[in-house]
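A.B. asks: Questions regarding the structure given below will be posed in turn.
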Amino acid sequence: MYRLFQHRALRWQILLVVVEFGLLVGCVYAAVVLRYWGQADIQASFGRTVHWHALLVAAVLILAMAALGLYQVHLRANWLGRLSRQGVAFMLGWIALTVLYYAVPSTYIGRGVLGIALVVGYLVVVLWRVAFINFVDADLFKRRVVMLGAGERAAEVSRKMRRRTDQRGFKVLGYVPVGGDPVAVPATSLLHPDKSLCEWVKRLGVDEIVVGPDDRRGTLPVEALLDCKKRGVAVTELAAFFEREAGNIMMDLTNPSWLVFSDGFNISMLRRGVKRLFDVVTASLVMLLAWPLMLFTALAIRLESGPGSPVLYRQERVGENGQTFGLIKFRSMRTDAENDGVARWATRNDDRVTRVGRVIRKVRLDELPQLWNVLRGDMSVIGPRPERPQFVDDFNTRIRYYSLRHCVKPGLTGWAQLRYPYGSSFQDAEEKLKFDLFYVKNHNLVFDLAILVQTVEVVLFGRGAR
(Lines give C-alpha, C1' and ligand atoms only; values in the text may rest on other atoms or scores of the structure.)
Protein backbone atom coordinates (compact mmCIF):
# COMPACT_ATOMS: atom_id res chain seq x y z
CA MET A 1 0.00 0.00 0.00
CA TYR A 2 1.16 3.53 -0.78
CA ARG A 3 1.85 4.59 2.77
CA LEU A 4 0.72 8.21 2.60
CA PHE A 5 0.77 9.10 6.25
CA GLN A 6 4.08 7.39 6.99
CA HIS A 7 5.90 9.94 4.87
CA ARG A 8 6.51 13.22 6.67
CA ALA A 9 6.96 15.12 3.40
CA LEU A 10 3.53 13.93 2.29
CA ARG A 11 2.03 15.21 5.54
CA TRP A 12 3.53 18.61 4.68
CA GLN A 13 1.88 18.37 1.23
CA ILE A 14 -1.48 17.70 2.85
CA LEU A 15 -1.00 20.78 5.02
CA LEU A 16 -0.11 22.74 1.88
CA VAL A 17 -3.34 21.68 0.16
CA VAL A 18 -5.54 22.45 3.17
CA VAL A 19 -4.07 25.91 3.75
CA GLU A 20 -4.15 26.84 0.06
CA PHE A 21 -7.75 25.73 -0.22
CA GLY A 22 -8.64 28.03 2.69
CA LEU A 23 -6.64 30.91 1.19
CA LEU A 24 -8.38 30.55 -2.19
CA VAL A 25 -11.79 30.51 -0.52
CA GLY A 26 -10.83 33.72 1.27
CA CYS A 27 -9.67 35.26 -2.03
CA VAL A 28 -13.16 34.83 -3.50
CA TYR A 29 -14.67 36.68 -0.53
CA ALA A 30 -12.03 39.39 -0.96
CA ALA A 31 -12.81 39.60 -4.70
CA VAL A 32 -16.49 40.30 -3.97
CA VAL A 33 -15.53 43.13 -1.60
CA LEU A 34 -13.01 44.62 -4.06
CA ARG A 35 -15.34 44.33 -7.07
CA TYR A 36 -18.25 45.98 -5.29
CA TRP A 37 -16.34 48.33 -3.02
CA GLY A 38 -18.76 50.73 -1.34
CA GLN A 39 -21.85 48.89 -2.64
CA ALA A 40 -23.02 47.19 0.51
CA ASP A 41 -26.35 46.06 -0.97
CA ILE A 42 -24.68 44.10 -3.78
CA GLN A 43 -22.16 42.62 -1.36
CA ALA A 44 -25.04 41.50 0.84
CA SER A 45 -26.80 39.82 -2.10
CA PHE A 46 -23.60 37.95 -2.91
CA GLY A 47 -23.31 36.91 0.71
CA ARG A 48 -26.22 34.49 0.35
CA THR A 49 -24.48 32.34 -2.30
CA VAL A 50 -20.79 33.24 -2.16
CA HIS A 51 -20.00 30.39 0.26
CA TRP A 52 -20.48 27.49 -2.14
CA HIS A 53 -19.21 29.57 -5.10
CA ALA A 54 -15.96 30.11 -3.19
CA LEU A 55 -15.68 26.40 -2.38
CA LEU A 56 -16.15 25.54 -6.07
CA VAL A 57 -13.51 28.02 -7.27
CA ALA A 58 -11.01 26.82 -4.66
CA ALA A 59 -11.63 23.15 -5.47
CA VAL A 60 -11.13 23.65 -9.23
CA LEU A 61 -7.92 25.64 -8.73
CA ILE A 62 -6.51 23.06 -6.29
CA LEU A 63 -7.26 20.31 -8.80
CA ALA A 64 -5.60 22.31 -11.58
CA MET A 65 -2.47 22.87 -9.49
CA ALA A 66 -2.37 19.16 -8.65
CA ALA A 67 -2.65 18.36 -12.37
CA LEU A 68 0.40 20.54 -13.02
CA GLY A 69 2.42 18.65 -10.42
CA LEU A 70 2.53 21.46 -7.85
CA TYR A 71 1.76 19.04 -5.02
CA GLN A 72 4.36 16.44 -5.98
CA VAL A 73 6.55 15.55 -3.04
CA HIS A 74 9.55 15.12 -5.36
CA LEU A 75 8.94 18.18 -7.57
CA ARG A 76 12.26 19.47 -8.91
CA ALA A 77 11.84 22.98 -10.30
CA ASN A 78 13.31 26.40 -9.70
CA TRP A 79 11.16 29.34 -8.75
CA LEU A 80 10.63 30.42 -12.36
CA GLY A 81 9.42 26.92 -13.17
CA ARG A 82 7.10 26.90 -10.18
CA LEU A 83 5.63 30.30 -11.08
CA SER A 84 5.10 29.17 -14.67
CA ARG A 85 3.37 25.98 -13.59
CA GLN A 86 1.15 27.90 -11.22
CA GLY A 87 0.27 30.38 -13.97
CA VAL A 88 -0.70 27.56 -16.33
CA ALA A 89 -2.69 25.91 -13.53
CA PHE A 90 -4.70 29.10 -12.90
CA MET A 91 -5.35 29.45 -16.64
CA LEU A 92 -6.61 25.86 -16.73
CA GLY A 93 -8.77 26.60 -13.70
CA TRP A 94 -10.21 29.67 -15.39
CA ILE A 95 -11.04 27.65 -18.54
CA ALA A 96 -12.62 24.85 -16.50
CA LEU A 97 -14.73 27.30 -14.47
CA THR A 98 -15.85 29.14 -17.63
CA VAL A 99 -17.01 25.86 -19.19
CA LEU A 100 -18.75 24.94 -15.94
CA TYR A 101 -20.54 28.31 -15.81
CA TYR A 102 -21.93 27.78 -19.31
CA ALA A 103 -22.92 24.19 -18.53
CA VAL A 104 -24.45 25.00 -15.12
CA PRO A 105 -25.51 28.69 -15.10
CA SER A 106 -26.40 28.60 -11.40
CA THR A 107 -22.68 28.30 -10.58
CA TYR A 108 -21.85 31.63 -12.32
CA ILE A 109 -20.11 34.11 -10.06
CA GLY A 110 -19.41 36.97 -12.47
CA ARG A 111 -16.43 37.73 -14.71
CA GLY A 112 -15.20 40.61 -12.56
CA VAL A 113 -15.29 38.64 -9.32
CA LEU A 114 -13.67 35.60 -10.92
CA GLY A 115 -10.94 37.67 -12.54
CA ILE A 116 -10.05 39.46 -9.30
CA ALA A 117 -10.18 36.17 -7.36
CA LEU A 118 -7.74 34.56 -9.81
CA VAL A 119 -5.26 37.46 -9.71
CA VAL A 120 -5.41 37.85 -5.94
CA GLY A 121 -5.34 34.07 -5.47
CA TYR A 122 -2.25 33.72 -7.65
CA LEU A 123 -0.34 36.35 -5.67
CA VAL A 124 -1.47 35.02 -2.29
CA VAL A 125 -0.50 31.44 -3.17
CA VAL A 126 2.93 32.59 -4.39
CA LEU A 127 3.61 34.47 -1.16
CA TRP A 128 2.33 31.57 0.94
CA ARG A 129 4.53 29.07 -0.94
CA VAL A 130 7.63 31.19 -0.41
CA ALA A 131 6.95 31.20 3.33
CA PHE A 132 5.95 27.53 3.38
CA ILE A 133 9.03 26.23 1.56
CA ASN A 134 11.35 28.27 3.76
CA PHE A 135 9.48 26.90 6.78
CA VAL A 136 9.64 23.25 5.67
CA ASP A 137 13.28 23.51 4.59
CA ALA A 138 14.31 24.75 8.01
CA ASP A 139 16.40 22.09 9.77
CA LEU A 140 14.22 22.46 12.85
CA PHE A 141 11.35 20.67 11.12
CA LYS A 142 13.32 17.92 9.37
CA ARG A 143 13.61 14.35 10.61
CA ARG A 144 17.11 13.88 12.05
CA VAL A 145 18.69 10.76 10.54
CA VAL A 146 21.86 8.81 11.34
CA MET A 147 23.19 6.30 8.82
CA LEU A 148 24.48 3.09 10.43
CA GLY A 149 27.18 2.22 7.94
CA ALA A 150 29.73 4.26 5.99
CA GLY A 151 30.50 1.97 3.06
CA GLU A 152 29.36 1.94 -0.56
CA ARG A 153 25.71 1.18 0.24
CA ALA A 154 25.35 4.01 2.74
CA ALA A 155 27.21 6.42 0.44
CA GLU A 156 24.38 6.01 -2.09
CA VAL A 157 22.35 8.45 0.01
CA SER A 158 24.77 11.30 -0.63
CA ARG A 159 25.25 10.31 -4.28
CA LYS A 160 21.60 9.76 -5.23
CA MET A 161 19.96 12.39 -3.04
CA ARG A 162 22.20 15.42 -3.41
CA ARG A 163 19.59 18.08 -4.10
CA ARG A 164 17.95 20.02 -1.31
CA THR A 165 14.54 18.96 -2.64
CA ASP A 166 15.63 15.30 -2.32
CA GLN A 167 16.24 15.86 1.41
CA ARG A 168 13.23 18.04 2.12
CA GLY A 169 11.87 15.73 4.81
CA PHE A 170 15.09 14.72 6.56
CA LYS A 171 18.62 15.75 7.48
CA VAL A 172 21.49 13.25 7.61
CA LEU A 173 23.55 14.04 10.70
CA GLY A 174 26.33 11.67 9.67
CA TYR A 175 27.51 8.11 9.08
CA VAL A 176 28.60 5.59 11.72
CA PRO A 177 31.19 3.04 10.45
CA VAL A 178 30.20 -0.59 11.07
CA GLY A 179 32.47 -3.64 11.11
CA GLY A 180 35.23 -3.78 8.55
CA ASP A 181 33.43 -1.97 5.72
CA PRO A 182 35.78 0.37 3.82
CA VAL A 183 34.70 3.97 4.38
CA ALA A 184 33.19 5.52 1.22
CA VAL A 185 31.92 8.81 2.64
CA PRO A 186 33.93 11.98 3.43
CA ALA A 187 35.73 11.93 6.76
CA THR A 188 33.85 15.08 7.77
CA SER A 189 30.59 13.08 7.62
CA LEU A 190 31.73 10.32 9.98
CA LEU A 191 30.30 9.97 13.48
CA HIS A 192 31.76 7.94 16.35
CA PRO A 193 29.37 7.23 19.26
CA ASP A 194 31.11 7.95 22.57
CA LYS A 195 28.73 5.85 24.68
CA SER A 196 25.92 3.31 24.21
CA LEU A 197 24.12 3.73 20.89
CA CYS A 198 20.73 4.46 22.47
CA GLU A 199 22.02 7.14 24.85
CA TRP A 200 24.06 8.68 22.06
CA VAL A 201 21.18 8.99 19.58
CA LYS A 202 18.91 10.39 22.28
CA ARG A 203 21.51 13.05 23.11
CA LEU A 204 21.76 14.03 19.43
CA GLY A 205 17.98 14.14 19.06
CA VAL A 206 17.98 11.44 16.38
CA ASP A 207 14.54 10.54 14.99
CA GLU A 208 15.57 7.65 12.75
CA ILE A 209 18.48 5.23 12.30
CA VAL A 210 18.92 3.96 8.74
CA VAL A 211 20.72 0.61 8.62
CA GLY A 212 22.94 0.23 5.57
CA PRO A 213 26.30 -1.52 6.12
CA ASP A 214 27.88 -3.31 3.18
CA ASP A 215 28.21 -6.51 5.20
CA ARG A 216 25.87 -6.96 8.15
CA ARG A 217 26.85 -10.53 9.06
CA GLY A 218 27.78 -10.47 12.71
CA THR A 219 28.39 -6.71 12.69
CA LEU A 220 24.98 -5.18 13.48
CA PRO A 221 24.37 -4.09 17.10
CA VAL A 222 20.94 -5.75 17.09
CA GLU A 223 20.33 -5.41 20.84
CA ALA A 224 21.24 -1.71 20.76
CA LEU A 225 18.97 -1.11 17.76
CA LEU A 226 16.10 -2.87 19.50
CA ASP A 227 16.67 -0.72 22.58
CA CYS A 228 16.56 2.42 20.39
CA LYS A 229 13.34 1.25 18.79
CA LYS A 230 11.74 0.62 22.18
CA ARG A 231 12.54 4.22 23.09
CA GLY A 232 10.81 5.70 20.07
CA VAL A 233 13.65 5.98 17.55
CA ALA A 234 12.63 4.59 14.15
CA VAL A 235 14.94 1.93 12.68
CA THR A 236 14.74 1.57 8.90
CA GLU A 237 16.52 -0.61 6.36
CA LEU A 238 18.36 1.37 3.65
CA ALA A 239 16.31 0.01 0.73
CA ALA A 240 13.06 0.93 2.49
CA PHE A 241 14.44 4.40 3.24
CA PHE A 242 15.16 4.99 -0.44
CA GLU A 243 11.76 3.65 -1.42
CA ARG A 244 10.02 6.08 0.92
CA GLU A 245 12.10 9.18 0.25
CA ALA A 246 12.98 8.85 -3.44
CA GLY A 247 9.78 7.26 -4.73
CA ASN A 248 11.61 4.39 -6.43
CA ILE A 249 13.28 1.10 -5.61
CA MET A 250 17.08 1.04 -5.76
CA MET A 251 17.81 -2.23 -7.51
CA ASP A 252 21.43 -2.47 -6.37
CA LEU A 253 20.33 -2.21 -2.72
CA THR A 254 17.55 -4.75 -3.01
CA ASN A 255 17.63 -8.49 -2.39
CA PRO A 256 14.91 -11.14 -2.78
CA SER A 257 14.31 -11.48 0.96
CA TRP A 258 13.61 -7.75 1.30
CA LEU A 259 11.02 -7.95 -1.49
CA VAL A 260 9.43 -11.01 0.09
CA PHE A 261 9.14 -9.65 3.64
CA SER A 262 8.48 -5.95 2.99
CA ASP A 263 4.97 -4.52 2.73
CA GLY A 264 3.22 -4.11 -0.59
CA PHE A 265 2.30 -6.10 -3.71
CA ASN A 266 -1.41 -5.88 -2.88
CA ILE A 267 -3.12 -7.96 -5.57
CA SER A 268 -6.13 -9.08 -3.52
CA MET A 269 -9.55 -9.68 -5.08
CA LEU A 270 -10.85 -6.45 -3.50
CA ARG A 271 -7.99 -4.43 -4.98
CA ARG A 272 -8.53 -6.06 -8.38
CA GLY A 273 -12.24 -5.24 -8.24
CA VAL A 274 -11.67 -1.60 -7.24
CA LYS A 275 -9.00 -1.14 -9.91
CA ARG A 276 -11.21 -2.66 -12.61
CA LEU A 277 -14.10 -0.37 -11.66
CA PHE A 278 -11.72 2.62 -11.71
CA ASP A 279 -10.48 1.57 -15.17
CA VAL A 280 -13.92 1.15 -16.71
CA VAL A 281 -15.32 4.41 -15.31
CA THR A 282 -12.22 6.45 -16.20
CA ALA A 283 -11.84 5.00 -19.71
CA SER A 284 -15.54 5.52 -20.45
CA LEU A 285 -15.47 9.15 -19.31
CA VAL A 286 -12.28 9.95 -21.25
CA MET A 287 -13.67 8.30 -24.37
CA LEU A 288 -16.90 10.27 -24.02
CA LEU A 289 -14.97 13.53 -23.77
CA ALA A 290 -12.26 12.74 -26.31
CA TRP A 291 -14.25 11.29 -29.21
CA PRO A 292 -14.15 14.58 -31.21
CA LEU A 293 -10.34 14.59 -30.91
CA MET A 294 -10.24 10.93 -31.96
CA LEU A 295 -12.40 11.68 -35.01
CA PHE A 296 -10.23 14.68 -35.95
CA THR A 297 -7.05 12.59 -35.56
CA ALA A 298 -8.42 9.82 -37.77
CA LEU A 299 -9.36 12.36 -40.48
CA ALA A 300 -5.92 14.00 -40.30
CA ILE A 301 -4.16 10.65 -40.74
CA ARG A 302 -6.41 9.72 -43.67
CA LEU A 303 -5.89 13.10 -45.38
CA GLU A 304 -2.11 12.84 -45.06
CA SER A 305 -1.72 9.21 -46.09
CA GLY A 306 -4.56 8.95 -48.59
CA PRO A 307 -7.36 6.40 -49.09
CA GLY A 308 -6.50 2.80 -48.33
CA SER A 309 -3.84 3.59 -45.71
CA PRO A 310 -4.64 2.29 -42.23
CA VAL A 311 -5.63 4.83 -39.57
CA LEU A 312 -5.07 2.48 -36.64
CA TYR A 313 -1.98 0.46 -35.86
CA ARG A 314 -1.99 -2.79 -33.95
CA GLN A 315 1.18 -3.99 -32.23
CA GLU A 316 1.86 -6.99 -29.99
CA ARG A 317 2.75 -6.04 -26.40
CA VAL A 318 3.35 -7.96 -23.17
CA GLY A 319 0.65 -7.64 -20.53
CA GLU A 320 -0.24 -9.06 -17.13
CA ASN A 321 1.54 -12.31 -16.21
CA GLY A 322 3.57 -12.15 -19.44
CA GLN A 323 0.54 -12.70 -21.70
CA THR A 324 0.67 -10.86 -25.04
CA PHE A 325 -2.16 -8.75 -26.47
CA GLY A 326 -2.76 -6.48 -29.46
CA LEU A 327 -2.25 -2.84 -28.46
CA ILE A 328 -4.19 -0.34 -30.61
CA LYS A 329 -2.84 3.11 -31.48
CA PHE A 330 -3.44 5.77 -34.08
CA ARG A 331 -0.80 5.21 -36.74
CA SER A 332 1.96 7.80 -36.35
CA MET A 333 4.67 6.17 -38.52
CA ARG A 334 4.96 5.31 -42.18
CA THR A 335 3.35 2.02 -43.18
CA ASP A 336 6.81 0.66 -44.14
CA ALA A 337 8.45 1.62 -40.81
CA GLU A 338 9.35 -1.99 -39.92
CA ASN A 339 9.06 -3.88 -43.17
CA ASP A 340 12.12 -5.93 -42.26
CA GLY A 341 10.34 -7.23 -39.14
CA VAL A 342 13.00 -5.92 -36.74
CA ALA A 343 11.67 -4.16 -33.62
CA ARG A 344 13.29 -0.77 -33.05
CA TRP A 345 13.06 1.91 -30.37
CA ALA A 346 11.46 5.19 -31.35
CA THR A 347 14.16 7.87 -31.28
CA ARG A 348 14.23 11.65 -31.16
CA ASN A 349 13.50 13.12 -34.63
CA ASP A 350 12.71 9.61 -35.91
CA ASP A 351 12.41 9.86 -39.71
CA ARG A 352 9.79 7.08 -39.71
CA VAL A 353 7.27 9.38 -38.01
CA THR A 354 4.79 11.20 -40.27
CA ARG A 355 3.96 14.91 -40.00
CA VAL A 356 0.63 14.18 -38.35
CA GLY A 357 2.35 11.56 -36.24
CA ARG A 358 4.75 14.12 -34.76
CA VAL A 359 1.82 16.24 -33.60
CA ILE A 360 -0.31 13.47 -32.17
CA ARG A 361 2.68 11.90 -30.40
CA LYS A 362 3.56 15.23 -28.81
CA VAL A 363 0.10 15.62 -27.26
CA ARG A 364 -0.45 11.86 -26.77
CA LEU A 365 -3.48 11.66 -29.07
CA ASP A 366 -2.01 8.51 -30.62
CA GLU A 367 -2.63 6.73 -27.31
CA LEU A 368 -6.40 7.32 -27.19
CA PRO A 369 -7.45 4.08 -28.99
CA GLN A 370 -5.86 2.21 -26.08
CA LEU A 371 -8.96 3.15 -24.12
CA TRP A 372 -10.53 0.22 -25.97
CA ASN A 373 -7.74 -2.02 -24.64
CA VAL A 374 -8.63 -0.79 -21.14
CA LEU A 375 -12.34 -1.53 -21.60
CA ARG A 376 -11.48 -4.99 -22.96
CA GLY A 377 -9.38 -5.70 -19.89
CA ASP A 378 -6.02 -5.98 -21.67
CA MET A 379 -4.73 -2.86 -19.93
CA SER A 380 -5.38 -0.61 -16.96
CA VAL A 381 -5.50 3.18 -16.93
CA ILE A 382 -2.56 3.28 -14.51
CA GLY A 383 0.35 0.84 -14.62
CA PRO A 384 3.75 0.15 -16.19
CA ARG A 385 3.82 0.87 -19.92
CA PRO A 386 3.58 -2.36 -21.98
CA GLU A 387 6.69 -3.26 -23.97
CA ARG A 388 7.15 -5.35 -27.09
CA PRO A 389 7.91 -9.07 -26.62
CA GLN A 390 11.30 -8.79 -28.32
CA PHE A 391 12.44 -6.18 -25.79
CA VAL A 392 10.88 -7.98 -22.83
CA ASP A 393 12.68 -11.25 -23.62
CA ASP A 394 15.98 -9.37 -23.61
CA PHE A 395 15.21 -7.41 -20.42
CA ASN A 396 14.08 -10.51 -18.53
CA THR A 397 17.49 -12.08 -19.00
CA ARG A 398 19.57 -8.95 -18.41
CA ILE A 399 17.67 -6.95 -15.76
CA ARG A 400 17.04 -8.43 -12.33
CA TYR A 401 13.37 -8.47 -11.22
CA TYR A 402 12.16 -7.14 -14.58
CA SER A 403 9.41 -9.77 -14.73
CA LEU A 404 7.88 -8.36 -11.51
CA ARG A 405 6.43 -5.42 -13.45
CA HIS A 406 4.12 -7.89 -15.20
CA CYS A 407 2.27 -8.93 -12.04
CA VAL A 408 -0.20 -6.07 -12.73
CA LYS A 409 -1.84 -4.96 -15.96
CA PRO A 410 0.11 -2.46 -18.05
CA GLY A 411 -1.27 1.07 -18.14
CA LEU A 412 -1.95 4.05 -20.37
CA THR A 413 0.12 6.12 -17.97
CA GLY A 414 2.08 5.36 -14.83
CA TRP A 415 4.49 6.41 -12.12
CA ALA A 416 7.53 5.90 -14.37
CA GLN A 417 6.00 8.14 -17.06
CA LEU A 418 5.65 10.94 -14.49
CA ARG A 419 9.12 10.54 -13.00
CA TYR A 420 11.30 9.55 -15.97
CA PRO A 421 11.47 10.72 -19.63
CA TYR A 422 10.80 8.53 -22.64
CA GLY A 423 12.97 5.40 -22.59
CA SER A 424 14.79 4.31 -25.74
CA SER A 425 17.64 2.13 -24.48
CA PHE A 426 18.56 -0.70 -22.15
CA GLN A 427 19.81 1.83 -19.58
CA ASP A 428 16.49 3.69 -19.70
CA ALA A 429 14.63 0.43 -19.13
CA GLU A 430 16.75 -0.21 -16.03
CA GLU A 431 16.00 3.24 -14.64
CA LYS A 432 12.27 3.08 -15.38
CA LEU A 433 12.06 -0.31 -13.69
CA LYS A 434 12.89 1.40 -10.37
CA PHE A 435 9.71 3.46 -10.65
CA ASP A 436 7.61 0.65 -12.14
CA LEU A 437 8.46 -1.63 -9.21
CA PHE A 438 7.67 1.15 -6.76
CA TYR A 439 4.20 1.38 -8.34
CA VAL A 440 3.69 -2.40 -8.46
CA LYS A 441 4.69 -2.63 -4.81
CA ASN A 442 2.66 0.34 -3.54
CA HIS A 443 -0.32 0.77 -5.87
CA ASN A 444 -3.75 1.63 -4.49
CA LEU A 445 -6.71 3.79 -5.48
CA VAL A 446 -5.31 7.01 -3.99
CA PHE A 447 -2.00 6.51 -5.78
CA ASP A 448 -3.84 5.83 -9.07
CA LEU A 449 -5.87 9.02 -8.73
CA ALA A 450 -2.73 11.06 -8.00
CA ILE A 451 -0.99 9.67 -11.09
CA LEU A 452 -4.05 10.28 -13.26
CA VAL A 453 -4.30 13.94 -12.23
CA GLN A 454 -0.56 14.57 -12.69
CA THR A 455 -0.65 13.00 -16.17
CA VAL A 456 -2.24 16.25 -17.33
CA GLU A 457 1.14 17.92 -16.75
CA VAL A 458 2.87 15.33 -18.95
CA VAL A 459 0.39 15.93 -21.79
CA LEU A 460 0.54 19.73 -21.53
CA PHE A 461 4.33 19.97 -21.43
CA GLY A 462 4.98 17.05 -23.78
CA ARG A 463 7.36 15.33 -21.40
CA GLY A 464 8.44 11.89 -22.60
CA ALA A 465 6.81 12.09 -26.02
CA ARG A 466 8.65 10.94 -29.15
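The values are calculated or read from the model by the stated rules, or taken from the named source; none is laboratory data. From a predicted model like this one, the values you see are computed outputs, not experimental measurements. For neighbour counting, all protein chains shown are included, and Cβ atoms are generated from backbone atoms with ideal geometry for every residue, glycine included.
A.B. asks: Picking from R364, R385, R314, which residue would you name as being exposed (fewer than 14 other Cβ atoms within 10 Å of the Cβ) and in the same structural domain as H443 (by TED's automatic domain parsing)? Walk me through it before giving the result.
C.D. replies: On the way: R364 fails: exposed (fewer than 14 other Cβ atoms within 10 Å of the Cβ); R385 fails: exposed (fewer than 14 other Cβ atoms within 10 Å of the Cβ).
So the residue among R364, R385, R314 that is exposed (fewer than 14 other Cβ atoms within 10 Å of the Cβ) and in the same structural domain as H443 (by TED's automatic domain parsing) is R314.
A.B. asks: Look through V157, V126, V130 and report the one residue that is among the hydrophobic types (A, V, I, L, M, F, W, C), modelled with pLDDT of 85 or more and outside the structural domain of V25 (by TED's automatic domain parsing).
C.D. replies: V157
A.B. asks: Moving on. Please list, ordered by residue number, the helices (runs of 4 or more DSSP H) wholly in the stretch 368-447 having 3 or more residues that are modelled with pLDDT under 95. Don't jump to the end; show me each part of the working.
C.D. replies: On the way: elements: 370-376, 389-398, 415-419, 426-442.
Where helices (runs of 4 or more DSSP H) fall fully within the stretch 368-447 and carry at least 3 residues being modelled with pLDDT under 95, they are 389-398, 415-419, 426-442.
A.B. asks: Also, quick follow-up: Among the listed residues V57, V50, V28, identify the single one that is touching a helix residue (DSSP H, G or I) at 6+ places or on another chain (Cβ under 7 Å), free of Cβ contacts under 8 Å to residues at least 60 places away in the same chain and either loosely packed, with under 13 Cβ neighbours inside 10 Å or not acidic (D, E) (or both). Give the steps one after another, and end with the answer.
C.D. replies: Details: V57 fails: free of Cβ contacts under 8 Å to residues at least 60 places away in the same chain; V28 fails: free of Cβ contacts under 8 Å to residues at least 60 places away in the same chain.
Being touching a helix residue (DSSP H, G or I) at 6+ places or on another chain (Cβ under 7 Å), free of Cβ contacts under 8 Å to residues at least 60 places away in the same chain and either loosely packed, with under 13 Cβ neighbours inside 10 Å or not acidic (D, E) (or both) holds for just one of V57, V50, V28, which is V50.
A.B. asks: Please find, among A234, A184, the residue that is crowded, with 17+ Cβ neighbours inside 10 Å and either under 21 Å from R143 (Cα atoms) or not charged (D, E, K, R) (or both).
C.D. replies: A184
A.B. asks: Across the stretch 268-288, what is the total count of residues that are surrounded by 15 or more Cβ atoms within 10 Å (Cβ to Cβ) and among the β-branched types (V, I, T)?
C.D. replies: Residues meeting the conditions: 2.
A.B. asks: Restricting the stretch 302-338 to residues that are in contact (Cβ under 8 Å) with a residue 12 or more places away in the chain and in contact with a His (Cβ under 9 Å, 6 or more places away or on another chain), which is farthest from R355 (Cα to Cα)?
C.D. replies: Looking at residues that are in contact (Cβ under 8 Å) with a residue 12 or more places away in the chain and in contact with a His (Cβ under 9 Å, 6 or more places away or on another chain), I get N321.
A.B. asks: In addition: For residues that are surrounded by fewer than 18 Cβ atoms within 10 Å (Cβ to Cβ) and either of a type in the set (D, E) or without any contact (Cβ under 8 Å) to a residue 40 or more places away in the chain (or both), scanning just the stretch 209-220, find the one that is farthest from E156 (Cα to Cα).
C.D. replies: Filtering the stretch 209-220 for residues that are surrounded by fewer than 18 Cβ atoms within 10 Å (Cβ to Cβ) and either of a type in the set (D, E) or without any contact (Cβ under 8 Å) to a residue 40 or more places away in the chain (or both), the one farthest from E156 (Cα to Cα) comes out as G218.
A.B. asks: Could you run through the stretch 31-43 and say how many residues are exposed (fewer than 12 other Cβ atoms within 10 Å of the Cβ) and either within 11 Å of V120 (Cβ to Cβ) or aliphatic (A, V, I, L, M) (or both)?
C.D. replies: 1
A.B. asks: If you go through the stretch 173-202 one residue at a time, how many are in a helix (DSSP H, G or I) and under 12 Å from C228 (Cβ atoms)?
C.D. replies: Residues meeting the conditions: 6.
A.B. asks: Okay, next question. Scanning for something assigned by TED's automatic domain parsing to the domain that holds A155, over 37 Å from the mean Cα position of the chain (by Cα) and of a type in the set (S, T, Y), does the stretch 190-202 turn up at least one residue?
C.D. replies: yes
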